[in-house]
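Have a look at the structure below before the remarks.
The values are calculated or read from the model by the stated rules, or taken from the named source; none is laboratory data. Everything numeric in this text was worked out from a predicted model, so none of it was measured. Please note: Cβ atoms are built from the backbone with ideal geometry, for glycine as well, and neighbour counts cover all protein chains shown. Just the protein is used for accessible areas: all its heavy atoms, side chains included, with ligands, DNA and RNA removed. Shrake-Rupley method; radii C 1.70, N 1.55, O 1.52, S 1.80 Å.
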Amino acid sequence: MSAPQSGESPEPVGFGPLVRREDARFLTGAGRYVDDMAFADALHLRFLRSPHAHALIRRIDSGRARAMTGIVAVFAGRDVNAWIAPLTMAPAIEGLHPTKMAAMPADKVRFAGDLVACVIATSARAAADALEAIEVDYEPLVAVVDMTTAADWPVLVDDTLPSNRVARQTFTAGHVEERFAAAHRLVECRFRQHRQTHLPLEPRGCVTIWDRGREHLTMHVGVQAPHPFRSALAGRLGLSESQVTVIAPDMGGGFGQKVALLREELIVAAVAKHLNATVRWREERGENLIASLHAREETVRTQAAVDANGRLLALKAHVLADFGAYCFFPANYMARVVAMIMPGPYKLVDYAYEVDVVLTNKCPAGPMRAPMAITSWVMEGTMDAIARALSLDPLAVRRLNMIESKDLPYITATGEIYRDITPMECQAAAANMIGYGEFRRFQSTASAEGRLIGLGICNVVESTTYGSKFYKSAGIPGSGHETAWVRIEPSGAVNVSVGLMGSGQGYETTLAQCVAAGLGVEPEAVRVLLGHTDVAPYGMGSRGSRGAAAGGGAVYLAARRAAEKVLSISAHQLALNATTGLRIAAGRIERLIGETWEPTGLAIKDIARIAYLDPMKLPDGMEPGIDVQYSYDPPPMTYSNATHICTVEIERETGQPTILRYIVVGDCGTAINTTIVDGQTHGAVAMGLGGALKEAVVYDSEGQNLTGSLMDFGAALAADLPAIEVCHRNTPNSLTPLGIKGMSEGGTMGAIGAVANAVNDALAPLGIVIDTQPLTAERIWRSLNRRS
């Protein structure tokens, strides 16, 4: 691979389907996870969790547990809270109530699965046995479970707040009421998305080592954002960041559940420091299902004002989100992003929204792959509702309202700027792939025969990258920058590091390809180092589909700077006055002679040897070595887009939906690696379909989680999923290096909307609209039988 010439602007690159051996290790069983790490004399920690959704802790008696063989210590809330600073969540955002949370409850538990105590033992079995011997007297309280009534409920989840509504925000753009007054029709819809959980293949866990002599803490933990995690860990423990090292080994999935510092890892670290020991903890699957972060429990109501042709004149939306028992994140953040990007690919000037976030006695909520996933279902479901109300074709309604290339750059009603997106083109290509007109004729014939067949369309505009300006404008503390270093060693070996951490995305392949493109070497020559806070530069980690645009952009730009130094040294060795007409290709320096690139006899390894070992040959004033660090702050937001089309058939007798065909036409900007893009698309669609059709966290009226095992949760299996046809219609982003966007979450957004719209399209002849997910066979069967 050749780098651009010195001073030359790179063209969008088309990378190959390479998968490096470093990423292939996950397929061959050679990955190394936290549980694979052996530490001599490590102690094992287990947590005692509350059986009640809401209760006062009156007494904890751990005497019998402490006396058991192999037990080192038992600690409760008052113990660990003396070692750990509380978490205060109080960004200066209008309508958001500040909250404060201790590391472990001392007086009151707020959800079934909340922490009560921890046991430290010489073996995991001994720790588990000792949990059974701890006696706790609880005074049960009424549980707040229903988010629709939580705000007005007299019982408070958090006694320091005036009510269970922790955040409320409103927004209006344009002349909404005037448009509603002039509308031909008002179309109202409700969309209720159920509570889900991330279900990473590898649950959470960590090993923490406290070195009393050096006063240094090392934690091995699967985490998506190692540096922010380290900062939070040091801050809560009263340590400096130089006293803490976070090392992330291979990670079996994260999906947002492993972004932030949560209480369990924090307590393990505090206990290790207190005991001057190595302490390890591994979350069991049941704990992960009931007590790690949940997500997606939201209800959105829309009112659309339309003219007689189906043109959208104005939109009102109300978002109600259940944030669970505690705030590990700003409570309004995810719900607000839902409202901000809700218009999607459609022209909308007059828009108003209200966002309410409430606390309940359920597991706390956090980001999950595509935390704004409901938006596409809401907007696309609203488009379908408009078509039904006016007896119009749903594809035609979308075409009428959709942003076209001539409208770009398009400023949305909420102030977001769309550049370089192609929703109209992707929708046309997807409709052509499915044979839209032919399918509608087939559907009509099948309907006459009594079959329930439907087609669902979901157009997605996926927000990615999240630069620092986004956080600043949203009033959220933090940064969106990413930092990388590229080092060419004296032998010519190329090492690179960046603040991302992979959890199955194939970073070691794609980042190497970006470096190769910037430096002019083969990807196989690049070693990628991730997840070690003493090695990697400070970065903001993996979240929000930012890995390619922010991380890939940072390593590419760092590689370009390294290439510039290589070419400067090369020009000096060749007695040239400038680097013009020089380039690096496959690790060798070439010179343009006429119209032909000719070898100079120099290679990167030769230049590196001079840079490190013979610095007197360097140009005057140039420092030795080739070691470049570069910080890149991407645009506030970049957007990719896609169209999903799904066809289904519903069995009348059972309500079982079967997906007949599933198509994705996507525009993710420059595709660094098409194999990985396809894999990310398949995985995201699978997660979306699993959540929309099967997976649900269910609580009873007393706040008990009824889905605390995989026997009950209903995780989607490979046999439940269709073949997914992916077509690429990529256009580069004009503001990012190499034209990269991002795309790892849009598949989830599209799947949720496409399959829901397909099911409702199949039921439309019966006058049935299901507005609540998951769309299980039972739910569909009940809808059919209520109207049979």
Checklist entry - Excluding same-chain residues fewer than 8 positions from LYS100, which lysines have a Cα within less than 20 Å of its Cα? => result LYS108, LYS362
Checklist entry - Which entries of LYS316/LYS406; LYS694/LYS741; LYS347/LYS406; LYS565/LYS741 show an alpha-carbon separation above 22 angstrom in the structure shown? => result LYS316/LYS406; LYS694/LYS741; LYS565/LYS741
Checklist entry - What does the charge dipole of the stretch 439-551 about its Cα centre add up to, to the nearest 20 debye, if the Cβ of each Lys and Arg holds +1 and the Cβ of each Asp and Glu holds -1? => result 580 debye
Checklist entry - Can you give the translational diffusion coefficient of the stretch 178-220 in µm²/s, computed by Stokes-Einstein from the Kirkwood radius over Cα pairs at 37 °C and 0.692 mPa s? => result 194 µm²/s
Checklist entry - Within straight cross-link reach of LYS258, meaning Cα distance under 14 Å, which aspartates and glutamates are found once same-chain residues fewer than 8 apart are removed? => result GLU202, ASP250, GLU283
Checklist entry - Order of 450-458, 589-597 by packing, highest average Cβ count within 10 Å first? => result 450-458, 589-597
Checklist entry - Quick one: if you stick a label point 7 Å off each Cα along the C-beta vector at ALA777 and VAL155, how many nm between them? => result 3.6 nm
Item to check | Per residue solvent-accessible surface (Å²) - the stretch 233-298, probe of 1.4 Å | outcome: 23 Å²
Next on the checklist: Relative to 2.2 N^0.38 Å, what does the C-alpha radius of gyration of the stretch 496-582 come to as a ratio? Two decimals please.
Outcome noted: 1.23
Checklist outcome for this item: For mean projected area of the Cα convex hull in nm² the list reads (1) 36.3; (2) 38.0; (3) 45.3; the calculated value is entry (1)
Checklist entry - Which whole-number percent gives the relative contact order of the stretch 31-134, counting Cα pairs below 8 Å spaced six or more residues apart? => result 45 percent
Checklist outcome for this item: In whole angstrom, the spacing between the Cα centers of the stretch 256-286 and the stretch 350-388 equals 32 Å
Next on the checklist: Could you tell me the calculated FRET efficiency between ALA715 and LEU613, based on Cβ-Cβ distance and R0 = 51 angstrom, to the nearest 0.05?
Outcome noted: 0.35
Checklist outcome for this item: Projected onto the charge dipole of the chain (unit charges on the beta-carbon of Lys, Arg, Asp and Glu, signs +1, +1, -1, -1), the Cα from THR736, TYR556, TRP281 with the largest positive-side position is that of TRP281
Checklist entry - How much length is gained if the chain between ALA106 and ASP534 is pulled fully straight, taking 0.36 nm per residue apart and subtracting their Cα-Cα distance, in nm to one decimal? => result 150.6 nm
Checklist outcome for this item: Sorted list, accessible surface of protein heavy atoms, 1.4 Å probe, largest first, for GLU449, GLU380 is GLU449, GLU380
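Would you mind calculating the relative contact order of the chain from Cα pairs under 8 angstrom and at least 6 residues apart, reporting the percent as a whole number?
17 percent
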Checklist entry - Do you know the relative contact order of the stretch 529-665, to the nearest whole percent, from alpha carbon pairs under 8 angstrom that are 6+ apart? => result 18 percent
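If I take all pairs of Cα atoms in the stretch 720-776, what percentage of them are more than 13 Å from each other?
Roughly 73 percent, rounded to a whole number.
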Item to check | GluC sites (Glu not before Pro) within the stretch 119-206, DSSP loop, no more than 15 other Cβ atoms inside 10 Å | outcome: GLU132
Checklist outcome for this item: In whole Hz, the Karplus estimates of ³J(HN,Hα) for the stretch 533-548 (6.51, -1.76, 1.60; θ = phi - 60°; x where Gly or Pro) are 6, 8, 10, 6, x, 5, x, 9, x, 9, 5, x, 6, 9, x, 6
Checklist entry - For MET749, MET687, MET68, what's the largest-to-smallest order of accessible area, 1.4 Å probe? => result MET68, MET687, MET749
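Would you mind working out the magnitude of the charge dipole of the chain relative to its Cα centre, with +1 at each Lys and Arg C-beta and -1 at each Asp and Glu C-beta, to the nearest 20 Debye?
Dipole magnitude for the chain comes out near 320 debye.
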Item to check | Most to least packed among 699-712, 44-57, 157-170 [average Cβ atoms within 10 Å] | outcome: 44-57, 157-170, 699-712
Item to check | Residue-level accessible surface for ILE724, protein heavy atoms, 1.4 Å, Å² | outcome: 30 Å²
Checklist entry - How far apart, in nm, are the 7 Å Cα→Cβ label points at LEU576 and LEU201? => result 4.7 nm
Item to check | Extension gain (nm, one decimal) between ALA308 and HIS184, 0.36 nm per residue minus Cα-Cα | outcome: 44.1 nm
Checklist outcome for this item: What the 10 Å binned alpha carbon P(r) of the stretch 569-695 shows, as percent of pairs per bin from 0, is 9, 23, 17, 16, 14, 11, 7, 3, 0
Checklist entry - With the dipole of the chain worked out from charges on the C-beta (+1 for Lys and Arg, -1 for Asp and Glu) around the Cα centre, which of VAL461, VAL74, LEU530 lies farthest toward the positive end? => result VAL74
Checklist entry - Nearest 0.05, what FRET efficiency do ASP61 and VAL142 give at R0 = 25 Å with Cβ-Cβ as r? => result 0.45
Item to check | Packing-based order for 88-101, 419-432, using average beta carbon neighbours within 10 Å, highest first | outcome: 419-432, 88-101
Next on the checklist: Please compute the length gained on full extension between ASN276 and ALA40, using 0.36 nm multiplied by the number of residues separating them and subtracting their Cα-Cα distance.
Outcome noted: 83.6 nm
